[in-house]
Amino acid sequence: MPSSFTNKRTNLYIFLSAVFLTNALIAEIIGVKIFSVETLFGTKPAQIHLFGNFILDFNLTAGAVIWPFVFITSDIINEYFGKAGVRRISFLTAGFVGFSFLIIYAVTILPPAQFWLDVNAKDSVGNPININNAFQMIFRQGLGIIIGSLTAFLIGQILDVYIFHSLRKITGNRKIWLRATGSTLVSQLVDSFVVLGIAFYIFGNWSLTQVLAVGIINYIYKATSAIVLTPVLYVAHYFIDRYLGKEHAEELANESAMSSFM
């Protein structure tokens, strides 16, 4: 292969990996906030009755907003760099996320400076606050949530890679939407329940009914996002074809497919 193409291929993998890692890390950190979808759109709470008397509204973690872009980036890496490319960045990302949580935990136990507490002793309307306590509450996440999140992430990624290339055996280079969206729909079905089961059933005090109910709501969002954002895949492929050259882009995709089938 020409050296210019080799450089472009390397730069593309670095760029896609950086996007993947950044979005995954941000999603993990901001995931502590829960927001109401109904309030966001000015509608009444859904009040969905699931499994008897359990009532559920559309409340999601803030991290869910950005996770669909992690799925899309993963599928693009899968398309051009195969199983090895996705697994490499997935394990690296899990390692960096774990490292980030260790650093965050260490920072939260540092003794606060008195002037920092004094300057931030009140909010914008004069209500007293404990800024150090607020900092800890926002940035710390329970051990169960961290373990559940990382476990679900890795299982989801491995499953996504397997299904993506299983579908590619059937579709060849056609129907990008089918293998990308199909692999995401299946992998995120597992991911949605694994993270909740570990974080709140095994390590927490949720009932199995709560895990199933909240998991269904989370999956509805992820599945809808995967379908709605499908056109983004084609936009990404268009720009990659222009960057690498259509012939080289197809060559790279075929190479990744062949290596994944071996």
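Some points to look at:
- Legend: calculated FRET efficiency, Phe5 to Gln114, from the Cβ-Cβ distance at R0 = 51 Å, rounded to 0.05, equals 0.30.
- Translational diffusion coefficient (Stokes-Einstein; Kirkwood radius from C-alpha pairs) of the range 159-214 at 37 °C, 0.692 mPa s, in µm²/s: 261
- Farthest toward positive dipole pole in the range 193-262 [+1 Lys/Arg, -1 Asp/Glu at C-beta], among Gly245, Gln210, Ala226: Gln210
- Stokes-Einstein diffusion of the range 201-262 at 4 °C, 1.567 mPa s viscosity, Kirkwood radius from Cα pairs, rounded to a whole number: 85 µm²/s.
- Heavy-atom accessible area for Trp206, with the other protein chains in place and a 1.4 Å probe, reaches approximately 70 Å².
- Overall Cα dimensions of the range 124-262, principal axis frame, Å, largest first: 63, 39, 26
- Relative contact order, percent, the range 148-210 [alpha-carbon distance under 8 Å, six or more residues apart]: 46
- Available extension along the chain between Met137 and Lys246 is 34.3 nm, counting 0.36 nm per residue and deducting the alpha carbon span.
- The ellipsoid that matches the Cα gyration tensor of the range 37-129 has semi-axes, each √(5λ) in whole angstrom, of 35, 30, 13, with the longest given first.
- Here the convex hull built on the C-alpha positions of the range 1-68 has a volume of 120 cubic angstrom per residue.
- With all protein chains modelled, accessible area of Ser3 [1.4 Å, Å²]: 90
- Candidates per trypsin sites (Lys or Arg not before Pro) in the range 1-39, loop by DSSP, up to 14 other Cβ within 10 Å: Lys33
- For the chain, hydrophobic long helices are taken as DSSP H runs at least 15 Å long by C-alpha position along their axis with mean Kyte-Doolittle hydropathy of -0.5 or more; these are 3-30, 67-108, 143-171, 176-196, 208-228, 230-244.
- Accessible surface ranking that places the most exposed of Tyr243, Tyr162, Tyr219 first, with a 1.4 angstrom probe: Tyr162, Tyr243, Tyr219
- In a DSSP loop and with at most 12 other Cβ atoms within 10 Å, the trypsin sites (Lys or Arg not before Pro) in the range 169-229 are Arg174.
- Lysine pairs in the chain with Cα atoms under 20 Å, if 8 or more residues apart or on separate chains: 6
- Dipole in debye (nearest 20) - the range 157-254, about Cα centre, beta carbon charges: Lys, Arg +1; Asp, Glu -1: 220
The values are calculated or read from the model by the stated rules, or taken from the named source; none is laboratory data. Only a predicted model underlies this, so the values are computations on that prediction, with no experimental measurement involved. A quick note on method: Cβ atoms are made from the backbone with ideal geometry, for glycine too, and the neighbour counts reach across all protein chains shown. Accessible surface areas use protein heavy atoms only, side chains included; no ligands, DNA or RNA. Shrake-Rupley method; radii C 1.70, N 1.55, O 1.52, S 1.80 Å.
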